[in-house]
Amino acid sequence: MSYDVIVVGLGGVGSAAAAALARRGQLVLGLDQYPPAHDQGASHGETRIVRKTYFEGASYVPLLVRSYALWQELGLLTRTGGLFLGAEDSRVLAGSLATAVAHDLAHEVLDAADVTRRFPAMTPPAGTVALYEADAGVVSPEAAVRAQLDRAAVAGADLRHGEQVLGWSTTSAGVRVETSAATYEAGALVLAPGRWATSLLADLDLPLRVEPRVMHWFDPPGGAAAFAPDRFPVWIWERSDGTAPYGVPAVAGPSGGVKAAVHHSPVRPPADWSAADLGDLLAPLLPGLGSSVVRSVDCTYTLTPSEDPFVGRHPGCDRVLVACGFSGHGFKLTPVLGEVLADLVVDGSTRYDLDFLSPTRPAP
Ligand SMILES: Cc1cc2nc3c(=O)[nH]c(=O)nc-3n(C[C@H](O)[C@H](O)[C@H](O)COP(=O)(O)OP(=O)(O)OC[C@H]3O[C@@H](n4cnc5c(N)ncnc54)[C@H](O)[C@@H]3O)c2cc1C
């Protein structure tokens, strides 16, 4: 059987692409080596932060604004507000503020005392400045992947899990994909293989670095009430040594507890922080968090040198689209990435400027 499009990888990005393509009338085959919403890639762990103010760069904002609207349409966003904290010249604070100003995004700037007045569980050290984004919130990655797969299936996509893609090649009419079970042909191919891009896209020799991360769910000694979503926001805190932990409120989920983790650190590999080390690191900011945890879970970042993902056409073949290297900040973008990849396959173009994400962009 021949398809219009094959989507390889049905994680955060691929599930959204399969849904968007099927909803545009494409005959889609979606392939994944694992079951839906599995925990072997990068799209598990109960929560992902969604925000529009973006220290990673103003070029993301048009994509983020559209993605935010799509999260609302999907009914999957829990709006909690978000605090992005650091010294005045830190990347997290200054970068978030620059994008908010450049794109006229609603925000407030708070000093350390304001933060504690508004969110009593949080006591930033004096001199800390915070940007508060009321629209920020969380989505569940597992629920989002399942919802996108459902939408894809309802729109007619043929979704096959437990089937590993062994290789792909181009043909005169499009592409051929060989799996552990069969060989398929299609007019186009979307490769969204997460950390496995290092093998499925080995021909591109993309500068990808796969790094472990650990998510911890803390069990605050005084209870989690002070960390409830109506009185505690999502947050990212850049410390003076550049270490950037983050966390989310105690939203309902299988783990219970208050989630926190290390996003980046120039001084020590982020996965080396034990729960107790992270509790110590966070004690000045969150004195009620404690250091005992109910659960810790491994995950992986696939990082590019600039931490901007690779999204666009495969340089060797127009009919092959590539989306990988999301560098620990891609989940919030998945709904819009689905639309963008569908536009590129069906229309041949997208209204978004994706040059900064091009797989062929010069190294930074
Ligand atoms: C701990 C952690 C916290 C994060 N926090 C945030 C956050 O707060 N906000 C945010 O926006 N982002 C966050 N991210 C980043 C975000 O979750 C990822 O960027 C996103 O999930 C990546 O999705 P993906 O589709 O590229 O990868 P994945 O979801 O891993 O999907 C790739 C899929 O491809 C399949 N696959 C690969 N190779 C093959 C093959 N050969 N055959 C068949 N199937 C194959 C895999 O099985 C997998 O299902 C975080 C990531 C981690 C790890």
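The values are calculated or read from the model by the stated rules, or taken from the named source; none is laboratory data. Quantities reported herein were computed from a predicted structural model and do not represent experimental measurements. Please note: Cβ atoms are built from the backbone with ideal geometry, for glycine as well, and neighbour counts cover all protein chains shown. Accessible surface areas use protein heavy atoms only, side chains included; no ligands, DNA or RNA. Shrake-Rupley method; radii C 1.70, N 1.55, O 1.52, S 1.80 Å.
Can you go through Ser172, Ser180 and tell me which one is in the same structural domain as Gly9 (by TED's automatic domain parsing), among the hydroxyl-bearing types (Ser, Thr, Tyr), at pLDDT below 95 and loosely packed, with under 13 Cβ neighbours inside 10 Å?
Criteria check complete, one pass: Ser172.
Tell me, which residue of region 140-164 that is hydrophobic (A, V, I, L, M, F, W, C) and surrounded by 22 or more Cβ atoms within 10 Å (Cβ to Cβ) is farthest from Val109 (Cα to Cα)?
Ala157
Out of all the residues in region 168-208, which are near the ligand (Cβ under 9 Å from one of its atoms) and at positive phi?
The answer is Gly194, and nothing else.
Every residue in region 235-266 that is closer than 15 Å to Arg213 by Cβ and part of a strand (DSSP E or B), please.
Once the filter is applied, which keeps residues that are closer than 15 Å to Arg213 by Cβ and part of a strand (DSSP E or B), region 235-266 yields Ile236, Ala244, Pro245, Tyr246, Gly247, Lys259, Ala260, Ala261, Val262, His263, His264.
Under the condition of being open to solvent by less than 10 Å² (accessible area, probe 1.4 Å) and touching a helix residue (DSSP H, G or I) at 6+ places or on another chain (Cβ under 6 Å), which residue from region 336-360 is farthest from Ser172 (Cα to Cα)?
Val336
So for region 307-322 (the condition being among the β-branched types (Val, Ile, Thr), farther than 21 Å from Trp196 by Cα and either in contact with a His (Cβ under 6 Å, 6 or more places away or on another chain) or away from the ligand (no atom under 14 Å from the Cβ) (or both)), does at least one residue qualify?
No, the conditions are met nowhere in region 307-322.
Can you pull out the residues in region 209-243 that are closer than 20 Å to Asp111 by Cβ and either without any contact (Cβ under 8 Å) to a residue 12 or more places away in the chain or within 16 Å of the ligand (Cβ to nearest atom) (or both)?
Matches in region 209-243: Phe232, Pro233, Val234, Trp235, Ile236, Trp237, Glu238.
Of all residues in region 10-41, which are out of contact with any helix residue (DSSP H, G or I) (no Cβ under 6 Å at 6 or more places or on another chain), within 16 Å of Cys324 (Cβ to Cβ) and small (Gly, Ala, Ser)?
Gly14
Considering only region 251-280, how many residues are open to solvent by less than 40 Å² (accessible area, probe 1.4 Å) and within 16 Å of the ligand (Cβ to nearest atom)?
The qualifying residues number 17.
If you go through region 284-317, how many residues are part of a loop (DSSP other than H, G, I, E, B), within 29 Å of Gly223 (Cα to Cα) and open to solvent by 50 Å² or more (accessible area, probe 1.4 Å)?
Residues that pass the stated criteria total 4.
Here are some residues: Gly95, Gly127. Which one is out of contact with any Ser or Thr (no Cβ under 8 Å at 6 or more places or on another chain) and within 22 Å of Ser67 (Cα to Cα)?
Gly95
Looking for whichever is under 24 Å from the mean Cα position of the chain (by Cα) and of a type in the set (S, T, N, Q) here; the options are Ser292, Ser296. Which one fits?
That would be Ser296, the only listed residue that is under 24 Å from the mean Cα position of the chain (by Cα) and of a type in the set (S, T, N, Q).
Looking at region 154-176, I want the residues that are charged (D, E, K, R) and have a partner that is open to solvent by 50 Å² or more (accessible area, probe 1.4 Å) and away from the ligand (no atom under 16 Å from the Cβ) with Cβ atoms under 9 Å, at least 6 apart or on another chain. Which pairs are those?
Between residues of region 154-176 that are charged (D, E, K, R) and residues that are open to solvent by 50 Å² or more (accessible area, probe 1.4 Å) and away from the ligand (no atom under 16 Å from the Cβ), the close pairs are Asp158/Met1; Asp158/Leu27; Arg176/Thr170; Arg176/Glu185.
Can you tell me how many residues within region 323-362 are in a helix (DSSP H, G or I) and away from the ligand (no atom under 14 Å from the Cβ)?
Number satisfying all stated conditions: 8.
What is the number of the single condition among (1) more than 10 Å from the ligand (Cβ to nearest atom); (2) in a loop (DSSP other than H, G, I, E, B) that Leu29 does not meet?
(2)
Just for region 52-73: of the residues that are open to solvent by 10 Å² or more (accessible area, probe 1.4 Å) and under 27 Å from Asp298 (Cβ atoms), which one is farthest from the ligand (Cβ to nearest atom)?
By that ranking, first place goes to Phe55.
Would you mind finding the one in Leu149, Leu204 that is over 22 Å from the mean Cα position of the chain (by Cα) and within 25 Å of Tyr301 (Cβ to Cβ)?
Leu204
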